Amino acid sequence: MTDYTYTLLIPLIPLALFLFTGLTGHKFKPVVSGLIGTTGLFVVTILSYMTAIRYFWTDHVEGMGYTSLKAFETTWIHFSDKLTVNLGVLIDPISVMMLIVVSTVSFMVHIYSLGYMKGEVGFARFFSFLSLFTFSMMGLVLATNIFQMYIFWELVGVSSFLLIGFYYTKPSAVSASKKAFIVTRFADLGFLIGILMLSFMTDTFDFQTLVSPTGPAITQVGGAAFLGLSGITWALILVFMGGAGKSAMFPLHIWLPDAMEGPTPVSALIHAATMVVAGVYLVARLFPVYSLAAPDALHVVAWVGGFSSLFAAIIACTQTDIKRVLAYSTMSQIGYMMLALGVSGYGGHDGLGFMAGNFHLFTHAMFKALLFLGAGAIIHAVHSNDMKDMGGLRKYMPITHITFLIACLTIAGIPFLSGFFSKDEILTAAFHHNMPLFIIEFAVAGLTAFYMFRLYFSIFWGKETHYHHTPHEAPATMTIPLLILAFGSIFAGYLPFHELVTSDGMPFEAHIEYAVAIPSVLIGLLGIAIATIMYRKQTEIPQRLATGFGYFYNWAYHKFYMDEVYLFVTKKIIFNYISRPVAWFDRHIVDGFMNLIARVIERSAYLIKGFQSGRIQQYGFVFVSGTIALVIIFIYLW
Amino acid sequence: MTGTIPLQYFLIISTLMFFSGIFGFLTRKNLITMLMSIELILNSVNINFVAFNRYLYPDNLHGHFFTLIVIAVAAAEAAVAIAIIINIYRNFRSIEVDKVDEMKF
């Protein structure tokens, strides 16, 4: 076994950067902290790639499966011999894959931010928060036990909160950051209960023990049944609730579109490529338990993912804020990943869905980060988020145009780009295991192509808007990451994922299934074609269609009134029927009781305070009479 | 021991002195008079000490020693009390005990 202890540096470097730029950032010119952060991230990226190459190829014995190993572990809190909380570094196929995703996207976003955030107030603060996020995400990815994961899970939540609220003078950003924090925190409540139930039943937090096919979680399937599901199923459903909150799955998705209030690089890093896939990563991490001990929980994962992807894709077709379109697209694609994990079996070709979900996570990180960074470049040039203010930009921003087009083609599943391979694997897995979900996903594939090209044509083609000043191409610090990510989007699909990242660590044969691939490509092309007709030139069709769909269009335009439903449930129901009575009880019964005690004491004190008159002779008289009385009692009456 | 004064006489005189002291302490308004009343009380106790010593343990001197200590303490107490009274006079322009009633609720 070779030594991977150096991987400890991967989370620790960003932590050091966070402390350094956060504490001393105001002492230098802002650009210095940016450069320090970017350099540090460069080192982290190198280390991550080195780890990946060593783990997957150099140290790998041909024909053997990939096993997980602990590069480092230390006891952090020791409660008793049975209950300890450890911190460590776990190396296995999915954590190494996530290292690549997080470090690549984070590094790209650092470079990009040097250009995008130039001259902003709080430049150093921005970079220190980025480092904090990278540290937390790395800690989450490398967690050796579920409790460590939970700690870093909350830390990414905090850094997401800080970065969404980066423009803290804007009320909308402040409320968006609060919304994101509260919604994910609510979901994390379920996660925590799930962790406690799971570890109560299995006596361990450790991932290696949990997911081992001979471990307690899988062999001693148990726990009292409740509502027809075993205890472990409930535990895993609750754990998935945490994952659904972080990954913006229906119905906990409402924070993600609002999170777009943050700076665009943040949206690319946190709300597209890394943090929001933490939920997928969590399910993948516990996949053997889900698959072998609680298939019912896995069905929940599949259906929530499938429904979310359809739901989000429909909304994405109607939104006009480009970042919101991308946010709903992200939600839809994460739904795909969840669904892939949900329909997967364990081991061999049955585990196709597991591989496909992780594969899509990987390729999605590349092209969605690219889309967001491209959107950032456009917003940088046009100073608006709204499609209505754009049009004809292809002449002004050639590099952004080309890279954005590549990303759109990738997400639409055009052959030979990375999205095609991963999406095709997901569809194949769904096709073999769950036909209704396959049909949903097939429709979503068409919708995806449609809304992405609606976005593309509205930005780069369509009517020529009169701009206040001519839009110009972004600076090199912003276009270079675009080009690198475009390269990744094209070629990431050629990685042999079916050999590297599989449910049981053993490689299996995967091939393109034409019965699935050809229709899915065709429906993608159909979506693109419809979008071309509708949006390439300014036409009346979109307006006519919108009126034609009438109520349904309005419904989707208002995001199916989910925010309103939440407001109704919280404000009208929970506030009125739970919070207010509880507050009344607190104010009148609990406080009232305390006030009563205080008032009784005050009254009686008022009655007897006259005894302390300040007159010495009165005291003396009482004293002497008392003495005499005692003498009489003790001598004559006792 | 014949021809000596019986013990009861001493006790009667000391009781009279003691209650005169108490009465004075509780009724006089002048602080100096109250101080004098306290001296009466102390001295009645002294008489008791000496008398009991003489009649119960004629061979020992413990009662006398106690009396001497009480006299010494009473002298010190009188000095402190008069100092306090002077300060009260400076603050209240009076040594009437009724006027000194600020230490109350």
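The values are calculated or read from the model by the stated rules, or taken from the named source; none is laboratory data. All figures in this text were calculated on a predicted structure; none of them were measured in a lab. As a convention, Cβ positions derive from the backbone with ideal geometry for all residues, glycine included, and neighbour counts pool all protein chains shown.
Below, the figures for the structure above:
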{"quantity": "Region A:504-550, residues that are among the hydroxyl-bearing types (Ser, Thr, Tyr) and at pLDDT 75 or above", "calculated": "A:Tyr514, A:Ser520, A:Thr532, A:Tyr535"}
{"quantity": "Out of A:Gly391, A:Gly446, A:Gly376, sole residue that is in a helix (DSSP H, G or I) and in contact with a Gly (Cβ under 9 Å, 6 or more places away or on another chain)", "calculated": "A:Gly446"}
{"quantity": "Segments classed as helices (runs of 4 or more DSSP H), wholly inside region A:274-347, with at least 3 members that are hydroxyl-bearing (Ser, Thr, Tyr) and touching a residue at least 12 places away in the same chain (Cβ under 8 Å)", "calculated": "A:322-342"}
{"quantity": "Helices (runs of 4 or more DSSP H) completely within region A:520-638 that count 1 or more residues being exposed (fewer than 11 other Cβ atoms within 10 Å of the Cβ) and away from chain B (no Cβ under 14 Å)", "calculated": "A:541-549, A:551-557, A:580-584, A:591-608, A:616-632"}
{"quantity": "Boolean, A:Gly462 is modelled with pLDDT of 85 or more and closer than 28 Å to A:Arg536 by Cα", "calculated": "no"}
{"quantity": "Qualifying residue in region A:487-503 (condition: crowded, with 21+ Cβ neighbours inside 10 Å, in contact with a His (Cβ under 8 Å, 6 or more places away or on another chain) and outside any loop (DSSP other than H, G, I, E, B))", "calculated": "no"}
{"quantity": "Meets criteria (over 29 Å from A:Tyr557 (Cβ atoms), surrounded by 21 or more Cβ atoms within 10 Å (Cβ to Cβ) and aliphatic (A, V, I, L, M)) for A:Leu256", "calculated": "no"}
{"quantity": "Given (1) touching a Gly at 6+ places or on another chain (Cβ under 9 Å); (2) crowded, with 23+ Cβ neighbours inside 10 Å; (3) at pLDDT below 85, number of the condition A:Gly222 does not satisfy", "calculated": "(2)"}
{"quantity": "Output for region A:166-183, where each listed residue is under 19 Å from A:Gly245 (Cα atoms) and in contact with a helix residue (DSSP H, G or I) (Cβ under 6 Å, 6 or more places away or on another chain)", "calculated": "A:Ala176, A:Ser177, A:Lys179, A:Ala180, A:Phe181, A:Val183"}
{"quantity": "Among the candidates A:Met64, A:Met97, A:Met50, residue that is surrounded by fewer than 17 Cβ atoms within 10 Å (Cβ to Cβ) and under 23 Å from A:Ile484 (Cα atoms)", "calculated": "A:Met50"}
{"quantity": "All positions within region B:22-68 that are polar (S, T, N, Q) and either part of a helix (DSSP H, G or I) or more than 14 Å from chain A (Cβ to nearest Cβ) (or both)", "calculated": "B:Thr27, B:Thr33, B:Ser37, B:Asn43, B:Ser44, B:Asn46, B:Asn48, B:Asn53, B:Asn60, B:Thr67"}
{"quantity": "Matching residues, region A:394-408, being in contact with a helix residue (DSSP H, G or I) (Cβ under 8 Å, 6 or more places away or on another chain) and either part of a helix (DSSP H, G or I) or under 30 Å from A:Leu352 (Cα atoms) (or both)", "calculated": "A:Arg394, A:Ile399, A:Thr400, A:His401, A:Ile402, A:Thr403, A:Phe404, A:Leu405, A:Ile406, A:Ala407, A:Cys408"}
{"quantity": "Any hit, region B:80-97, residues being out of contact with any Asp or Glu (no Cβ under 7 Å at 6 or more places or on another chain), more than 14 Å from chain A (Cβ to nearest Cβ), surrounded by 15 or more Cβ atoms within 10 Å (Cβ to Cβ) and part of a helix (DSSP H, G or I)", "calculated": "no"}
{"quantity": "Selection status of A:Thr7, in contact with a strand residue (DSSP E or B) (Cβ under 8 Å, 6 or more places away or on another chain) and part of a helix (DSSP H, G or I)", "calculated": "yes"}
{"quantity": "Residues of region A:594-638 satisfying the condition of being of a type in the set (A, V, I, L, M) and closer than 30 Å to B:Lys29 by Cα", "calculated": "A:Ala605, A:Leu607, A:Ile608, A:Ile616, A:Val622, A:Val624, A:Ile628, A:Ala629, A:Leu630, A:Val631, A:Ile632"}
{"quantity": "Yes/no for B:Ile71 being in contact (Cβ under 8 Å) with a residue 12 or more places away in the chain, surrounded by 11 or more Cβ atoms within 10 Å (Cβ to Cβ) and either closer than 19 Å to B:Leu26 by Cβ or within 14 Å of another protein chain (Cβ to nearest Cβ) (or both)", "calculated": "no"}
{"quantity": "Residue list for region A:159-173, filter: in a helix (DSSP H, G or I) and closer than 18 Å to A:Thr264 by Cβ", "calculated": "A:Ser159, A:Ser160, A:Phe161, A:Leu162, A:Leu163, A:Ile164, A:Ser172, A:Ala173"}
{"quantity": "Yes/no for B:Leu61 being surrounded by fewer than 13 Cβ atoms within 10 Å (Cβ to Cβ) and free of Cβ contacts under 8 Å to residues at least 60 places away in the same chain", "calculated": "yes"}
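Rundown of residues vs (1) within 19 Å of A:Leu163 (Cα to Cα); (2) touching a Ser or Thr at 6+ places or on another chain (Cβ under 7 Å); (3) surrounded by 24 or more Cβ atoms within 10 Å (Cβ to Cβ), yes/no style:
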position	(1), (2), (3)
A:Leu90	no, yes, yes
A:Val105	yes, yes, yes
A:Gly115	yes, yes, no
A:Glu120	yes, no, no
A:Leu132	yes, yes, no
A:Met138	yes, no, yes
A:Leu142	no, yes, yes
